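Participant: Quick one: structure below, then a few questions.
The values are calculated or read from the model by the stated rules, or taken from the named source; none is laboratory data. Quick caveat: nothing in here was measured; it's all calculated off a predicted structure. Here the Cβ positions follow ideal geometry from the backbone for every residue, glycine too, while neighbour counts run over all protein chains shown. Just so you know, the surface numbers come from the protein's heavy atoms only, side chains and all, with ligands and any DNA or RNA stripped out. Shrake-Rupley method; radii C 1.70, N 1.55, O 1.52, S 1.80 Å.
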Amino acid sequence: MKRLSLLVLLPLLLGVKAEDVPRMIVFTTLHSVRVDLGFDNLPPAGTKFTLLVMDDRTGRLVHHGQVTPVADSKTLRFYADGLDVDAWTPTNPHLYRVALTIEEPGGVSQREEKRIGFRFFESKNGHLYLNGKPIFLRGIAINPPGRGIPDNIEKSRRFAEQYVDFMKSIHVNIIRIPDNDTWYDVCDEKGMMVFGGNYSGTVDGGKPPKDYDKAVDWYETKAFAMIASHPSLMVYAMTNETPFAGRAAGEWEKFLSYAAVRLKKWDSTRVFIANAGYGYGKAGDICDLHRYWGWYYSSPFTFLHARNDEDIIPFPKKAGQPITFTECVGNYSGPDGRYNLTPNHKNPGSQLNWTGHASNDVQALLANEHQCFTFKQAAELNRRLRSVNPELSGVFPFTILFYNWNTVRDFIDMGPKPVTAQAKLSYSPVLVSWENWTTQVYAGTTLKPTLHIVNDADDFSDLTAATFTYRIIDEAENTIVTESFSLPDIAYYSEFERTLSIPLPADLAAGHYHLLGQVVKDGRLISENKDRIFIAGKDFPLSATRPQRQILPYDKITSFKNISPSSVVLIGENGADQALVRNAADIKRFIAAGGRMLCLRQDSSHLPYLNAILAAPIRNVTMDLDYSQYPPPPRPSRNGYYVNPERPGNPVFDGIDREELKVWSDYTGWKESDR
């Protein structure tokens, strides 16, 4: 590749040929710089090289002196270390400039210049580290450019600045973007980390390439060359979702293993994901997964499998590799908020489970709600489960955060969806997260949620001298119960956990409430989060409309011949048996005369008995929702977590709305740390 920097004006004026102009890539650590200078024709003997490093803010000269290159093929390599510089971090993205002056015999002079930052990103001991500090990646996977926004807008500096500012405001610390200098420059300046590189199923046109060395050269001189000098770049993608099984997978693994070792020698200041999503960390620095638990799989609680490596990786995991989910969540919704139903093998299953055949306006509300719920579970479970699986190191929802894309004229036209407010809570650097599996309780009982506080402070500081306050608030935000206590010191990248006992007043009215938790330090709100609960009065079962028909338990009926057609027969879960077959004719006459039957869940061993009385037989699906590995069996699954009331006006739902049918309310005292 023959790249000509816009800064290289002098050689043009002096008549130097374009093919002789060097291409420069700069790699930095915390106190050193390495400059790789590539030529099509190496400079003649006697050429002098001078390296300058200056503060981009103040112009302060950090380094100035002649340097002697180390030659490697057609690359000259220069080093300077022991530099007195400030580190580039998300909260202090300090930038510098490196300039290399080249003076050939005879007075021909050239100058190459790059803006850089001093930082070091690495994988070790199961964690990711920025400048020696462990860091959890709070990412977003679907971002412009290249997402349908008018080209002149999405590639403009103004739009990039507004977009990155918004992402930082909701506590996102890393985004995945394609190669675009404007966007990288903005991320460099604003302290937004970047996941970039070759997000593709090919390498230099090969699937995989046959000539390994030529492919590695393609990475170094083409695919990664343009982005490698940017300090915001932390993670390289070598490929994306190449085959994970069969002969092709073996060929890819062989190539990627070779290339990852070679590339690490070229750039040891960042980490490599060899096969994003499907590689399982066989090559590269990270065990990366694309798991759409909560969307294609229908339940975000499948993220609980992240507790155990053996549940998410179909072979022993490489020791000491951090785990990231650089694509997850899904929840693809359109400009009106409703779920898109294409492609048909991905979206309709979850859409039908959550929003069903509700009216269009309700569909949009439910879709937004579901997206928030899925984001919340994916983000917060991955963060608080680090106490169980310390190698969990990052999560990147691939979900649509804005209502508008291709019609916008400015960033403000995009219109953030409610999920962005959820992201601000779930991605809070100091996270308050409620583990509460008992979401429906009676007034007068004791709620026992587990409080988790995860300290991922952006400035890597410990949380000290802070106070925690919890409140039970009603939907008008009136406080029902409150208590405060002092928190112990919580070291950076560690967690505080405590199970609370919260007595609920016996006279509470039935309704929806929130459990709100807040961390305060020096009078300033550091973090907050809430969890929704339903509290029923003690007389709640009596509040339902009195049945207009006599209800007869199926297991108490000895004969169907003389049952009044004004009755309802209730068949309990797995209550169908051989007696339904024997009495099928009488039961059908009972129903034809106006009688009704309410049948609860029947598994595959009981369903054939029920089919004996149905006009058209039904069958159970057998795919397990909790199947954690990839690919899952064909959907739909048999054990979803959400009951979608297709006929919400039916008397059986009297007093019970959609909110109470979403998530099972556990009564066993189970905790997510239980194995």
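Participant: Obtain the nm distance between the two label points defined at residue 310 and residue 474 by a simple spin-label model: each point lies 7 Å from its Cα along the Cα-to-C-beta direction.
Facilitator: About 5.1 nm separates the two model spin labels.
Participant: Using modelled backbone amide H atoms (1.01 Å from N, in-plane), which distant-in-sequence or interchain residues come within less than 5 Å of residue 623's amide H?
Facilitator: Amide H to amide H, under 5 Å and 5 or more residues apart or across chains, residue 623 pairs with 638.
Participant: Using Cα pairs closer than 8 Å and at least 6 residues apart in sequence, work out the relative contact order for the chain, in percent. Don't skip to the end; give the middle numbers.
Facilitator: Working: 1419 pairs, mean separation 63.5, N = 675.
Across the chain, relative contact order equals 9 percent.
Participant: Which whole-number percent gives the relative contact order of the range 250-401, counting Cα pairs below 8 Å spaced six or more residues apart?
Facilitator: Across the range 250-401, relative contact order equals 23 percent.
Participant: Could you give the size of the charge dipole of the range 70-218 about its Cα centre, using +1 on the Cβ of each K and R and -1 on the Cβ of each D and E, expressed in debye and rounded to the nearest 20?
Facilitator: Working: 20 positive and 22 negative charges, 126 e Å.
Dipole magnitude for the range 70-218 comes out near 600 debye.
Participant: Separate question: How large is Rg/Rh for the range 603-659, to two decimals, with Cα atoms and a Kirkwood Rh? Don't skip to the end; give the middle numbers.
Facilitator: Numbers: Rg = 15.0 Å, Rh = 14.1 Å.
With Rg and the Kirkwood Rh in hand, the quotient comes to 1.06.
Participant: Right, something else. Taking a 1.4 Å probe, which of 328, 372 shows the most accessible area, and what order do the others take after it?
Facilitator: Numbers: 328 0, 372 20 Å².
In descending accessible area the options line up as 372, 328.
Participant: Compute the acute angle (0 to 90°) between the alpha-carbon long axis of helix 360-384 and the principal axis of greatest extent of the alpha-carbon atoms of the chain; round to the nearest 10°.
Facilitator: Its long axis makes an angle of about 60 degrees.
Participant: Next up: Any chance you could look up the accessible area of residue 63 with a 1.4 Å probe, heavy atoms only, rounded to 10 Å²?
Facilitator: Accessible area of residue 63: about 50 Å².
Participant: Can you send over the carbon and sulfur percentage of the accessible area for the range 193-346, probe radius 1.4 Å, protein chains only?
Facilitator: Carbon and sulfur together cover 53 percent of it.
Participant: Using a 1.4 angstrom probe with every protein chain in place, what is the largest-first accessible-area order of 427, 339?
Facilitator: Final ranking, largest accessible area leading: 339, 427.
Participant: What accessible area per residue, rounded to a whole number of Å², is obtained for the range 437-500 using a probe radius of 1.4 Å?
Facilitator: For the range 437-500, the per-residue accessible area is 45 Å².
Participant: Hey, got the dipole for the chain? About the Cα centre, +1 on K and R Cβ, -1 on D and E Cβ, debye to the nearest 20?
Facilitator: 1400 debye
Participant: Which whole-Hz couplings ³J(HN,Hα) result when phi for each residue of the range 301-306 is put into the Karplus expression 6.51 cos²θ - 1.76 cosθ + 1.60, θ = phi - 60°, listed in order with x for Gly and Pro?
Facilitator: 5, 4, 4, 4, 5, 5
Participant: Show 483, 495 ordered by accessible area, largest first, where the area counts protein heavy atoms only and the probe is 1.4 Å. All intermediate terms of the calculation are to be shown ahead of the outcome.
Facilitator: Working: 483 90, 495 55 Å².
Greatest to least solvent exposure: 483, 495.
Participant: Something else now. As a quick test, which of the pairs 133/671; 264/317; 74/210; 124/207; 168/264 have an alpha carbon distance above 25 angstrom in this structure? Don't skip to the answer; put the middle values down first.
Facilitator: Details: 133/671 30 Å; 264/317 21 Å; 74/210 23 Å; 124/207 30 Å; 168/264 30 Å.
In this structure, 133/671; 124/207; 168/264 exceed 25 Å between Cα atoms.
Participant: With a 1.4 Å probe and all protein chains left in place, how much of the accessible area of the range 398-552 comes from carbon and sulfur atoms, in whole percent?
Facilitator: Roughly 49 percent, rounded to a whole number.
Participant: OK, next. Per residue of the range 246-257, what does 6.51 cos²θ - 1.76 cosθ + 1.60 with θ = phi - 60° give for ³J(HN,Hα)? Whole Hz please, x for Gly and Pro, Karplus curve as stated.
Facilitator: Result, ordered by residue: x, 4, 4, 4, x, 5, 5, 4, 4, 5, 5, 5 Hz.
Participant: Put a dot 7 Å past each Cα toward the Cβ at residue 497 and residue 207; how far apart are the dots in nm?
Facilitator: 4.5 nm
Participant: Separate question: Compute the relative contact order of the range 499-619 as a whole-number percentage, counting only Cα pairs closer than 8 Å that sit 6 or more residues apart in sequence.
Facilitator: So the answer I get is 19 percent.
Participant: Could you let me know the centre-to-centre spacing of the range 74-96 and the range 426-481, using Cα atoms, in angstrom?
Facilitator: Their Cα centres are 41 Å away from one another.
Participant: Okay, moving on. Within the range 58-96, which residues have the backbone N less than 11 Å from the label spot 7 Å out from residue 29 along Cα→beta-carbon, could you tell me?
Facilitator: Backbone N within reach: 80-83.
Participant: Which order do the peptides 656-668, 26-38 take when ranked by the mean count of other beta-carbon atoms within 10 Å per residue, highest first?
Facilitator: Taking the mean over residues of other Cβ atoms within 10 Å, the ranking is 26-38, 656-668.
Participant: Each residue of the range 405-418 in turn: what ³J(HN,Hα) in whole Hz from Karplus with 6.51, -1.76, 1.60 and θ = phi - 60°, glycine and Pro shown as x?
Facilitator: 10, 6, 9, 6, 10, 7, 4, 4, 6, 5, x, x, 7, x
Participant: Write down the Å³ per residue value for the convex hull defined by the alpha carbon atoms of the range 541-675.
Facilitator: 168 Å³
Participant: Search the structure for amide H atoms under 5 Å from the amide H of residue 118, placed 1.01 Å from N in the peptide plane, and list their residues when 5 or more places away or on another chain.
Facilitator: Hits under the 5 Å cutoff: 88.
Participant: Could you work out how far the C-alpha centroid of the range 304-348 sits from that of the range 498-559, in angstrom?
Facilitator: Going from one Cα centre to the other spans 31 Å.
Participant: Same structure again: What is the set of long-range amide H partners of residue 570 at a cut-off below 5 Å, with H atoms built 1.01 Å from backbone N?
Facilitator: Under 5 Å from the amide H of residue 570 lie the amide H atoms of 552, 554, 598, each far enough along the sequence or on another chain.
Participant: Take the Cα gyration tensor of the range 248-352, multiply each eigenvalue by 5, square-root it, and list the three semi-axes largest first, rounded to whole angstrom. All intermediate terms of the calculation are to be shown ahead of the outcome.
Facilitator: Values: eigenvalues 194, 52, 32 Å².
Semi-axis lengths for the range 248-352 are 31, 16, 13 Å.
Participant: Please list, in order, the residues from the range 606-639 whose amide nitrogen is less than 20 Å from a point placed 7 Å along the Cα→Cβ vector of residue 578.
Facilitator: 606-614
Participant: Of all the accessible heavy-atom surface of the range 581-675, with the other protein chains kept in place and a 1.4 Å probe, what percent is carbon and sulfur?
Facilitator: Numbers: 3400 of 6110 Å².
Carbon and sulfur atoms account for 56 percent of the accessible area of the range 581-675.
Participant: Can you tell me the FRET efficiency between residue 635 and residue 600 if r is taken as the Cβ-Cβ distance and R0 is 35 Å, rounded to the nearest 0.05?
Facilitator: Details: r = 23 Å, r/R0 = 0.66.
The computed FRET efficiency comes out at 0.90.
Participant: Write down the percent of antiparallel bridges among all DSSP beta bridges whose residues are both part of the chain, to the nearest 5.
Facilitator: 70 percent
Participant: Assign unit charges at the C-beta atoms only (+1 for Lys and Arg, -1 for Asp and Glu), then state the dipole size of the range 386-476 relative to its Cα centre in Debye, rounded to the nearest 20.
Facilitator: With Lys and Arg at +1 and Asp and Glu at -1, about 240 debye.
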